[in-house]
Amino acid sequence: MKRYIVIRLFQTVLTLIILSMVIFGLVRLSGDPALLMLPEGGTKQHYREIRAKLGLDKPIYVQYCVFVLNAAKGDFGRSIRTNRPVIDSIKEMLPNSLKLVGVAMLMTLVISMPLGVMAAVKRETFVDTFARVIAGLGQSLPTFWVGLMLIQLFVIHWGILPASGMETWKHYLMPAFCLAIFMVAGIVRLLRSSMLEVLDSEYIKMARIKGVSERSIVWKHALRNSLLPVISFGGMYVAIMITGAVLIETVFAWPGVGRLAYSAIIGQDFPLIQGVILTAAVIVMVANLSTDILYAYLDPRIRYGV
């Protein structure tokens, strides 16, 4: 088990190094930030001074080394637009995204777990058909479009929910639902397939022969052994929800890292873009690593390399 964890840690660090190179290179290909900071009527001397201040006058490999060393200390530089430390902006916005993801995860579990289980238990019935329709819609409908439709219904037509902000629990409902629908669809499909396989296994048949109650078989024995693929999918998608909610946070004016990334891209604020993307990458890597380790503890075949 220790060997497996060490290998995964090494892979995570290597991936992060490669990703930092890609981020560093792509951001600089998007344009010259010194031109954005140059005041109207600025001279070439002003331009050179701005480049020197940003460290852009140094060789590219020196810029990258400085970027990596500072990033390792949590220093992503200062925003070009606001002149605030990038890490302060991230610290301010990240908790808001985590709160939204927490509510979305709660919605996901409340909807998908019973629906996926009942779809397998009530196979080829109305419940199963309903669950598959929900899963299909959840994976095919664009989340930003769902958000706009929710605003049209609950805000404009009925006026029962707020369109933006995060002051009360009502502000969480629509953006959290939009974040949750894709994960609900995925978990319902995975859990249904996994439950069907487990319910047809020999040990479940033996439990029925021994007189174990159907409720105990379904919710205790079968569900426990059906959760491995769900855990893998859930761990991966939680990280994606935190870091990839740009459209949802923009649609609902939610003050999170997604909206921060959007404003940084629009403003070509390359220190902020680098900081947000690298922070997002770290979150995704840590979530995937944690999921892999948890998966290995739950499945001995992975733990021992079977």
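Details
- Computed over the stretch 106-207, Kirkwood Rh from alpha-carbon pairs, angstrom: 15.1 Å
- Less than 5 angstrom separates the built amide H of R78 from those of V86, all sequence-distant by 5 or more or on a different chain.
- The chain: mean projected area of Cα convex hull, nm²: 20.8 nm²
- Structural descriptor for the stretch 86-303: relative contact order 27 percent, calculated from alpha carbon pairs under 8 angstrom and at least 6 residues apart.
- Just checking the listed ones, Y262, Y61, Y295: in the Gaussian network model of the chain with Cα springs under 10 Å, the one fluctuating most is Y61.
- Compactness of the stretch 41-169 as Cα Rg over 2.2 N^0.38 Å, two decimals: 1.76
- Each Lys and Arg Cβ is given +1 and each Asp and Glu Cβ -1; about its Cα centre, the chain then shows a dipole of about 680 debye.
- Nitroxide proxy distance, nm - points 7 Å out along Cα→Cβ at E167 and W219: 4.0 nm
- For the chain, the membrane-span-like helix rule (DSSP H, alpha carbon extent of at least 30 Å along the helix axis, mean Kyte-Doolittle at least 0.5) picks out 2-29, 86-121, 170-199, 270-298; this says nothing about an actual membrane.
- Ellipticity estimate at 222 nm from DSSP helix runs (n ≥ 4, -39,500 (n - 2.57)) divided over the chain, nearest 500: -24000 deg cm²/dmol
- With neighbours defined as other Cβ atoms within 10 Å of a residue's Cβ, the residues I248, I90, I265, I17 order from fewest to most as I17, I265, I90, I248.
- Theoretical FRET efficiency, 1/(1+(r/R0)^6), r = Cβ-Cβ of S193 and L56, R0 35 Å, to 0.05: 0.10
- Selection among G186, P175, L272 by position relative to the dipole of the chain gives G186 as farthest towards the positive end (Cβ unit charges, Cα centre).
- The stretch 2-72, dipole about Cα centre (Lys/Arg Cβ +1, Asp/Glu Cβ -1), debye to the nearest 20: 420 debye
- Relative exposure of W169, W145, W254, judged by other C-beta atoms within 10 Å (fewest first): W169, W145, W254
- Among 185-191, 282-288, the order from most to least packed when residues are scored by Cβ within 10 Å on average: 185-191, 282-288
- Taking H221, H171, H157, H46 and counting other C-beta atoms within 10 Å, the order from fewest to most: H157, H46, H221, H171
- Computed over the stretch 150-215, the range of Cα coordinates on each principal axis works out to 56, 21, 20 Å, biggest value leading.
- Within the straight-line cut-off of under 24 Å between alpha carbons, the lysines reachable from K210 are K122, K220, sequence neighbours fewer than 8 places apart in one chain being disregarded.
- In this simple spin-label model, placing a label point 7 Å from the Cα along the Cα-to-Cβ direction at both D200 and I5 gives a separation of 3.8 nm.
Taken together, the values in this text are just the output of simple stated rules run on the coordinates, not laboratory data. If you're wondering where the values come from, they're calculated on a predicted model, not measured in any experiment. Glycine also receives a Cβ, built like all others from the backbone with ideal geometry; neighbour counts cover every protein chain displayed.
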